[in-house]
Amino acid sequence: HFRARVGRARPNTTRRPFREYAGRRVTLLPIDPTPAPRESATYEVGAALPLGPPPGAAAVRAPGEAHPRAVFVTHGMGKQIAFETLDLVAEGLRAEDARKRGVPLGSLPAPRVRSVSFEGERLQRAELSLKRPDGTEREVHVYEGYWAPLTEGQVTLRDVVAFLFRGGWNGIWNAARKKGFRRWLFDQYRLVEIPASTLILLGVAVAVVFGLAALNAAVLIVAVARMPLEHPPRWLSDSLFEDLSTLMNLFLTAALVFGLSLLAARGVRRRPPGSALRLGAGAFSVLAFAAVLGGTALAGVSLPLLFWAHVQCPPAAMSRGVFAHVLGARFVAGFNDAFETGAVACLAAAAGALVLIAAGKLVARAGAEWRAGGRRLLLYALTLFGVLLLAALFAGEVRAAAAFCRTAAGLPVLRRGVSWGLLLALSAWLRSLLVQYPGDLAAYVASHTLDRFHDVRARIKETVWKKARAVYAAASGDGEFAYERCVQVGHSLGSVIAYDILNRLVSEDTAAREAGTKGGLDVAARTPLFLTVGSPLDKTAFVFGVTGKNTTEAREALAATVQPLICDYAVRPARWINVYSLWDIVSGPLELYDLPEAADPRRVQNIRDPAASTLIAAHVEYWRNVLIFEILHAELTS
């Protein structure tokens with residue numbers, strides 16, 4: 001029998017889930033055969049569940065504060081893990097609270113977690129105690145609207161490509177209309193000016209999607225056709241294979257440069273926003289991104305032309321390949337040889353670095369075991385010897401592989417084939433990303449057409465609505481609402497879902513008032529803040545809107561009845577703050593949800609996060625910055 005003694009956890013500076021708990025050191029000690037009795041607490045799960053700390057714990061509510069406040073966060077697209085976003089919000093609030101108190105984060109107590117039941121819904125929450133400006137404490141409960149498993153396995157790559165093409169063409173139609181883009185806002189059609197750059201960017205986006213589809217198809221077709229190395233098909237001649245390999249090598253080079261630029265921009269993100277190094281890294285990443293987009297769009301046009309030229313032209317005319325004729329045979333041969341050698345060297349260096357890192361961790365573990373008086377030092381020594389032996393053998397294999405590649409580069413069958421393995425791996429990775437991220441968007445947003453995701457979309461809305469309504473309807477022991485205030489937070493696609501849920505809850509309150517019943521939750525008055533982070537709400541409203549095409553004012557007015565937030569400022573939360581970044585290609589300022597001349601304090605306040613400054617990766621950098629947690633902390637402790 002053993003019992004575990006858990007030591008002090010290392011500070012969680014990355015705000016990633018499970019990092020703080022996985023970093024604990026556990027020492028196994030013999031257990032006492034007669035354990036001491038422990039106190040137990042029994043709760044009656046239901047509406048009268050006590051919301052304070054368990055019996056014996058110190059009270060955390062501020063004097064005169066009847067009820068705690070709640071935060072309901074809805075996560076965004078991607079392969080999200082349960083409680084991941086909840087943990088990010090709780091840890092961010094704790095870090096902000098530590099800054100307000102002027103103490104290290106490790107000195108604050110860990111958040112308490114509980115599983116409760118409201119309105120028949122089982123909910124899990126994190127309980128925090130935040131310091132108010134007057135020095136008192138306020139209890140805050142963080143809940144999560146988790147919906148990620150509902151889209152798993154529901155979307156295919158074909159669905160994503162079709163969704164992106166439809167959205168791109170629909171956006172081009174809306175941007176190119178002579179009358180402009182019209183949107184129903186506050187009981188009237190409003191003409192929204194669309195800049196000419198939007199039309200250009202949408203055209204580039206459609207071309208990039210077409211290029212990605214063409215590249216993926218070419219990689220799969222050529223890889224399958226080249227498998228029988230001895231007898232490849234006649235249409236896949238050596239010159240065509242060389243041209244395709246040169247094109248793919250150019251694409252991989254541009255992708256590698258772009259990846260390195262992102263790493264450089266991420267490495268300097270802690271520098272001041274206006275520093276020359278940070279601006280230079282950002283500008284370089286933008287240029288590399290533009291090169292990748294341009295190369296991908298051109299590949300979509302050049303690949304069919306390459307196939308057509310080699311199939312239609314006589315073999316004698318295409319013996320050297322198109323790139324050899326255009327760029328010169330010496331340049332093409334030198335570039336391909338350099339790329340293949342560099343690819344092998346990079347892979348070998350990466351594998352060697354992983355082996356060295358593993359050996360270093362093993363040595364450190366063996367030293368810790370020796371200092372602790374462990375008896376497995378011999379086992380660690382033998383394992384380390386095995387790792388070093390494998391590293392030596394691996395180095396020899398790398399040298400042999402490099403020599404083989406140099407020899408195979410001159411063979412007519414294997415020439416220019418080293419990069420195709422990388423292309424297959426990159427193609428599989430890109431397909432996975434497209435299904436995981438735009439796939440969630442396709443399943444939820446593509447409601448402007450009759451699609452097969454209607455049931456999935458309905459289940460997502462129903463799941464999040466039930467949890468959010470349960471939080472609003474939770475009752476305390478005195479018969480009042482458990483939460484006088486509930487803050488709504490939505491990240492990425494989660495902001496679209498949270499927007500729909502808020503509209504539904506407000507509509508239900510309006511229906512209850514009109515019917516004279518007592519079932520209303522007064523959601524608008526009890527929601528002091530609606531915080532959207534990295535939100536694509538403007539893009540979904542514009543790109544996937546059908547206004548002005550096969551629609552009428554009556555239909556737009558009917559569609560707006562399920563969106564009371566764009567019909568009446570009186571039913572909006574007290575504040576709607578939208579945090580975005582110029583480096584985030586998903587988000588942007590929200591301008592299609594207010595009248596331009598409106599001066600109502602409940603209109604959307606767009607705030608740019610200057611610390612989210614890594615191109616594309618800025619979409620998830622909000623959680624590592626302080627801006628959204630400053631906003632949340634100030635609201636929750638006001």
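Using modelled backbone amide H atoms (1.01 Å from N, in-plane), which distant-in-sequence or interchain residues come within less than 5 Å of residue 475's amide H?
Those qualifying (amide H under 5 Å, at least 5 residues apart or on another chain) are 482.
Could you tell me the accessible area of residue 301 in Å² (1.4 Å probe, neighbours in place), rounded to the nearest ten?
Using a 1.4 Å probe on the heavy atoms, I get roughly 90 Å².
Under 5 Å between amide H atoms, partner at least 5 residues away or on a different chain: which partners does residue 192 have, H built in plane at 1.01 Å?
181, 182, 183
Can you work out the Karplus-derived ³J(HN,Hα) for every residue in region 575-587? Use 6.51 cos²θ - 1.76 cosθ + 1.60 with θ = phi - 60°, whole Hz, and x for glycine or proline.
Going residue by residue, I get 9, 10, 10, 10, 9, 9, 9, 5, 8, 9, 6, 8, 9 Hz, with x marking Gly and Pro.
Once you have the Cα-Cα distance between residue 298 and residue 199, take 0.36 nm times their residue separation minus that, and quote the gain in nm to one decimal.
Extending this stretch completely gives an extra 33.8 nm.
Using 1/(1 + (r/R0)^6) with R0 = 51 angstrom and r between the beta carbons of residue 452 and residue 355, what's the FRET efficiency to the nearest 0.05?
Once the sixth-power term is evaluated, E becomes 0.60.
Which of rounded, prolate or oblate describes region 179-293 when judged by the alpha-carbon gyration tensor and an a/c cut-off of 1.5?
Oblate shape, in that a/c is at least 1.5 and b/c is the bigger or equal ratio.
Which length gain, in nm to one decimal place, applies between residue 308 and residue 585 when the Cα-Cα distance is subtracted from 0.36 nm times their residue separation? Mind showing how you got there, number by number?
Working: separation 277, 0.36 × 277 = 99.72 nm, distance 3.53 nm.
Answer, rounded to one decimal: 96.2 nm.
Determine the order of 576, 465, 173, 583 by accessible area, beginning with the largest, at a probe radius of 1.4 Å.
173, 583, 465, 576
Rank 253, 246 by accessible area, highest first, at a 1.4 Å probe radius?
253, 246
Given a 1.4 Å probe and the protein chains all in place, what does the accessible area of residue 585 round to, in Å² to the nearest 10?
Residue 585 exposes around 90 Å² with every protein chain in place.
Rounded to two decimal places and with Rh computed the Kirkwood way over Cα pairs, what is Rg over Rh for region 95-194?
Ratio value, two decimals: 1.22.
How far apart, in nm, are the 7 Å Cα→Cβ label points at residue 270 and residue 392?
Rounded to a tenth, the inter-label distance reads 3.9 nm.
The values are calculated or read from the model by the stated rules, or taken from the named source; none is laboratory data. Bear in mind that the values here come from a model prediction, so they are computed numbers and not experimental data. For neighbour counting, all protein chains shown are included, and Cβ atoms are generated from backbone atoms with ideal geometry for every residue, glycine included. Ligands, DNA and RNA are excluded from the accessible area calculation, which covers all protein heavy atoms including side chains. Shrake-Rupley method; radii C 1.70, N 1.55, O 1.52, S 1.80 Å.
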